[in-house]
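Scroll down for the structure; my scribbles are underneath it.
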Protein chains: 4
Amino acid sequence: MPGMGIREQAEEIEMSMAHEPERVLLKNTGHRTLVPFGARKFGEDFVVIAGPCSVEDASSYLETARALRAAGVDGLRGGVFKPRTSPYDFQGLGREGLKILADAREETGLPVVTEIMDPRDVELGCEYADMIQIGSRNMQNFPLLREVAGIQKPVLLKRGMQATLAEWLNAAEYVLAGGNNQVVLCERGIRTFESSTRFSLDLSIVPAARELTHLPLIVDPSHSTGRSSLVEPMCLAAVAAGADGLLIEVHRRPAEALTDRLQQYPLDLFPRLIDRIRRTVALVETFAQDPAEPRLP
Amino acid sequence: MPGMGIREQAEEIEMSMAHEPERVLLKNTGHRTLVPFGARKFGEDFVVIAGPCSVEDASSYLETARALRAAGVDGLRGGVFKPRTSPYDFQGLGREGLKILADAREETGLPVVTEIMDPRDVELGCEYADMIQIGSRNMQNFPLLREVAGIQKPVLLKRGMQATLAEWLNAAEYVLAGGNNQVVLCERGIRTFESSTRFSLDLSIVPAARELTHLPLIVDPSHSTGRSSLVEPMCLAAVAAGADGLLIEVHRRPAEALTDRLQQYPLDLFPRLIDRIRRTVALVETFAQDPAEPRLP
Amino acid sequence: MPGMGIREQAEEIEMSMAHEPERVLLKNTGHRTLVPFGARKFGEDFVVIAGPCSVEDASSYLETARALRAAGVDGLRGGVFKPRTSPYDFQGLGREGLKILADAREETGLPVVTEIMDPRDVELGCEYADMIQIGSRNMQNFPLLREVAGIQKPVLLKRGMQATLAEWLNAAEYVLAGGNNQVVLCERGIRTFESSTRFSLDLSIVPAARELTHLPLIVDPSHSTGRSSLVEPMCLAAVAAGADGLLIEVHRRPAEALTDRLQQYPLDLFPRLIDRIRRTVALVETFAQDPAEPRLP
Amino acid sequence: MPGMGIREQAEEIEMSMAHEPERVLLKNTGHRTLVPFGARKFGEDFVVIAGPCSVEDASSYLETARALRAAGVDGLRGGVFKPRTSPYDFQGLGREGLKILADAREETGLPVVTEIMDPRDVELGCEYADMIQIGSRNMQNFPLLREVAGIQKPVLLKRGMQATLAEWLNAAEYVLAGGNNQVVLCERGIRTFESSTRFSLDLSIVPAARELTHLPLIVDPSHSTGRSSLVEPMCLAAVAAGADGLLIEVHRRPAEALTDRLQQYPLDLFPRLIDRIRRTVALVETFAQDPAEPRLP
């Protein structure tokens, strides 16, 4: 029952892993999995990925990419296949967008991540991108999970917008069990009854997941809040909660964005944001240098 | 619809305030309400309140209170009327517990907060406590809200475990409209489908509420997570998200607590926790000294 | 975890009853509790209660009551203490409304039910009404539950809008354990993400609760749907699901109602509605005359 | 906000359709879409589909199919590609299972429906099955929706387990807009906090959807409740709520089922169930012969 037996439920997840030997792939046994991404490693470095929600055209994407590089991000994001509730909404640039991403990578030297929705597009995505994102709506798209289990690139697995931790870890297990252990989890907000935010960012999942899995976990403050004014506090809170990185939507001119306008963080304010993020990361790292505390229940 | 029209919904809350002139009591018009609590003021100082879930007996409560005072907390908590799902569970010490709270205050000089559930107990609560807590299950107990609207003591209004921001602010409005403007809001986690935590701490409500109201807002990492191992990361995240204080359950011997055992933070580890909280507060305060940023949508 | 271990959870409820001997009060041991209400008995007769959301004035209430009586209802409803999200909304007629209810009872011979929110009003309510309703927001208002445990009148316990069955049965247990075994449960919709209805009527709780408790259970199709166009199909569905009665909001002129306008069923269409309800009840009763089927898991 | 503006939200759906001319495909303009399925038509006949959760082996499937045919069902169901939370659970028989379905169709003359998860399997599914099911987890799998938009067979579109009506209708719109207007909606329960049932069957969505769309809508009482003891009351309630059909999981020996054991309705009790369903359908049809009532708000 909700609100009862939390510990039992966590134990149930652990137990279900215990009697499935393969599940060892997922289980936290003390070491952390490190997933290389350009010059950084998820799980070791704090990784900041930024970029607009959608790749809209080459020149604006490249201009944004250069500015983000100057601000010190570790990677770029940009959607080219857009999952849209209505079939009449902008669906993304597709293959043309992938080429823009590849150009941006070449020019800035930064790795790029993009979402793939169709198992038949995975091979194409791998030609251009450095990391394949599985979006929230596809967290339990099992044919797609099996497809990315067969590639040699890292996978960014977003949490389903109503998925439990157990379901999320099981989805990751599809990828690990299929032979690809380069999985990074991404919390992006869950659907709740609170409507002043688009979703509710579930930051306590960060330390809760850490206790159960060795996989890195980053946080998306943009989709979760749906409002640019909440992005900074949620970035800093995610760092303080122990996240391994951030995935932030940034746009040169938020008011003109083709998708998810209200949540695009303005590019001109981004340098101050990343500075505060880095200072918070530095503080949290000093805590980590203290002698280890006993494990609490 | 969920996930759509967030901004519109925020505007709807603002508008509904606009055509109700009394609502000005609640609306954020630039200044912050300061609520005195012992030597501190909510809204100006970062206020840490700690103590066991329930007052269990005099000697253990006083011993805990002394240790918390030494660790530098700003106030004490302790439940004497316990809202319990089952009538067969421990229901609290009642009046006897109030006396123990008063003794602890006298000995430590720290103010105390305790929950009152019955409108007929409000007067009694005011005799002994410095702040009256309205618990999550009573956020929409309108006779109780009207009763505490008539007192001269600050009120700690916990968010209902499934309440929206609009409902919560309306509940606060009952107290303000009745003549008591010393209200402090407390986020304590909302019910979601995630079951590895007891509730889901909704930290994005902290900056979202700040945009709409002048009332201080603190965070309870104990009931929300239900697990002591998640208390520290959620304390630090709450600070980074802009909370005005924390309400933390601490127990000398968590395994022996009469209520909510798993979420009691061990007293012996508390000094390190509060040190990290204070260092995070200090960092966030340096950000606040930067020139103001433009208000984002 | 949601979606897992349903049977286990039901068993957990049963077990928690088993090791608490008093809980026998609630447990389904084969017989059904019969709760008298005017000329009918909940648990034996199918009981239809109807009336406007709020008592608005004497003449319109009496006119409505006479028409409902003519249509064949078994009892009347009408709110005089209204739980309202905002303190600036209509709060009900209070004691004056109770007198109107008593007049309607005298004139029609029908018993009346009304909601009490404040433990200090329970005695007053018992002077005038035949049944005391505990509203959804007060399902876990424990001082109020304890107060109605001490009265000699039946209690209509609405399900909390986000309460689980276990929490609801525990709330009923507060009343039973306190000495009042005349409790009728009322399903009134739970909060979900579906927004085309006000709440989601959870009809599967009807047979699920039946397996665990001997208490009668009725259904409120008005608050749950929030739309009068959905009231008829949900009335019939509730009957088919095995409900013991219905609580329906009916208004002479829905467009002029002071509260919950959209969900008031028009009085002039009510005779056809109740006719269809009675015909569906008759069909379901023919099923009950078949030889008993084996209990399924 | 939840609980507020229901009518506005329904209007918002209607309006969003209005300024998208293509959306006319979905909109309820008075006529009902009829979708042929074997000897029946969804939208005109009440259609009962039954069968085990998974196709497990040829002989047991054929035996079950013959018994269901004798009991008077209109079509058969059986999963051969199973979406499973864990990669280590039984994943279905795949192509071999499709052949068993085709054999059952040949022997019984009944049409069959089965779920397809991978866009690359749609063509294969169409070779063997009469109707393609899109499961709850794939309601927003847009590449899959686009794939079935291109086929000449009816599509059974299950509601996402947390989808709103607006999202569900938009998903249907992907299929209609792509050229396939043979879409049947299927309510199968939504995730709520109630844990005594697997999901909560949302029956008020039946009449609510009817007001907005011309598509037929059937109900799955098996996945929604997760408990065979609740299947009969929910079947009857679905009929009373105005559903166009039922999708019921039935198994020869529920305790031995490979998947979703607790919700398999026992084959030997099925004749009585379908008899009661048909008698309830007959009653509801008598109501439909009354003169039309005015449309309520």
Over the Cα atoms of chain C the radius of gyration and the largest Cα-Cα distance (Dmax), both in Å, equal 18.3, 56
Taking a probe of 1.4 Å and leaving out DNA, RNA and ligands, the stretch B:29-284 shows per residue an accessible area in Å² of 27 Å²
The rounded separation in angstrom of the Cα centers of the stretch B:96-141 and the stretch D:155-193 is 51 Å
Rounded to 0.05, the calculated FRET efficiency for the beta carbons of D:Glu211 and D:Leu34 at R₀ = 25 Å is 0.85
Per-residue accessible area, 1.4 Å probe, largest first, puts D:Glu96, C:Glu187 in the order D:Glu96, C:Glu187
Here the percent of antiparallel bridges among DSSP beta bridges lying wholly in the protein assembly as shown, to the nearest 5, is 15 percent
Partner shielding of B:254-263, taken as the mean number of other chain Cβ atoms within 10 Å, equals 1
Whole-percent carbon and sulfur contribution to the accessible surface of the stretch A:29-284 (1.4 Å, no ligands, DNA or RNA) stands at 46 percent
For the stretch D:72-88, Karplus-derived ³J(HN,Hα) couplings (6.51, -1.76, 1.60; θ = phi - 60°; whole Hz; x for glycine and proline) come out as x, 6, 9, x, 10, 10, x, x, 10, 10, 9, x, 10, 4, 9, x, 9
Buried by partner chains in the stretch A:264-281 (accessible area down by at least 20 Å² vs chain alone, 1.4 Å probe, heavy atoms, protein only) are A:Leu269, A:Arg272, A:Arg276, A:Arg279, A:Thr280
With T = 4 °C, eta = 1.567 mPa s and Kirkwood Rh from C-alpha pairs, the Stokes-Einstein D of the stretch A:82-193 in µm²/s is about 89 µm²/s
Length-normalised contact order of the stretch B:29-284, Cα under 8 Å, at least 6 apart, in percent, tallies to 19 percent
Here the percent of antiparallel bridges among DSSP beta bridges lying wholly in chain C, to the nearest 5, is 15 percent
Expected field for D:Lys99, accessible surface area in Å² at 1.4 Å probe radius, rounded to 10, holds 100 Å²
Taking Cα atoms, the helix B:270-288 axis meets the longest principal axis of chain B at an angle in degrees (rounded to 10) of 20 degrees
Test assert for the stretch A:67-93: residues whose accessible surface shrinks by at least 30 Å² between chain alone and all chains, 1.4 Å probe, equal A:Thr85, A:Pro87, A:Tyr88, A:Gln91
Of A:Arg66, A:Arg159, A:Arg77, the most mobile residue in a GNM of chain A (C-alpha springs, cutoff 10 Å) is A:Arg66
Accessible-area loss of at least 50 Å² (1.4 Å probe, chain alone to full protein assembly) applies in the stretch A:185-224 to A:Arg191, A:Phe193, A:Glu194, A:Ser195, A:Ser196, A:Arg198, A:Ser204
Reduced to Cα centres, the span from the stretch A:37-76 to the stretch C:32-46 in Å works out to 68 Å
With R₀ set to 22 angstrom, the calculated FRET efficiency between the beta-carbons of B:Glu107 and B:Glu44, to the nearest 0.05, is 0.25
Partner shielding of B:240-250, as the mean number of partner chain Cβ atoms within 10 Å, equals 3
Longest principal axis of chain A (C-alpha) makes with the long axis of helix A:6-18 (C-alpha) an angle, in degrees to the nearest 10, of 90 degrees
Quick tally, 1.4 Å probe accessible area for A:Glu127, B:Glu173, D:Glu211, sorted with the most first, runs A:Glu127, D:Glu211, B:Glu173
Expected response for nearest chain B Cβ to the B-C rotation axis, distance in whole Å, is B:Gln162, 2
From the cross-link list C:Lys27/C:Lys153; A:Lys82/D:Lys41; B:Lys158/C:Lys82; A:Lys27/B:Lys82; A:Lys158/C:Lys27; A:Lys27/D:Lys153, the entries with a Cα-Cα span beyond 32 Å are A:Lys82/D:Lys41; A:Lys27/B:Lys82; A:Lys158/C:Lys27; A:Lys27/D:Lys153
Note to self, chain B gives a 222 nm [θ] from helices alone (DSSP H runs n ≥ 4, -39500 (n - 2.57) apiece, / all residues, nearest 500) of -11500 deg cm²/dmol
Classified through the alpha carbon gyration tensor (a ≥ b ≥ c as square roots of its eigenvalues; rounded if a/c is under 1.5, else prolate when a/b is larger than b/c, else oblate), the protein assembly as shown comes out oblate
Probe 1.4 Å, protein heavy atoms only: B and A together bury a total accessible area in Å², to the nearest 100, of 5300 Å²
So, in nm and shortest first, the distances from A:Thr29 to its counterparts in the other copies, with label points 7 Å along Cα→Cβ, work out as 5.4, 6.3, 6.4
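The values are calculated or read from the model by the stated rules, or taken from the named source; none is laboratory data. Note that the structure is predicted; figures quoted are calculated from it, not measured. Note that we place each Cβ from the backbone using ideal geometry, even for glycine, and neighbour counts take in every protein chain shown. Protein only, heavy atoms only, side chains kept; ligands, DNA and RNA dropped before computing areas. Shrake-Rupley method; radii C 1.70, N 1.55, O 1.52, S 1.80 Å.
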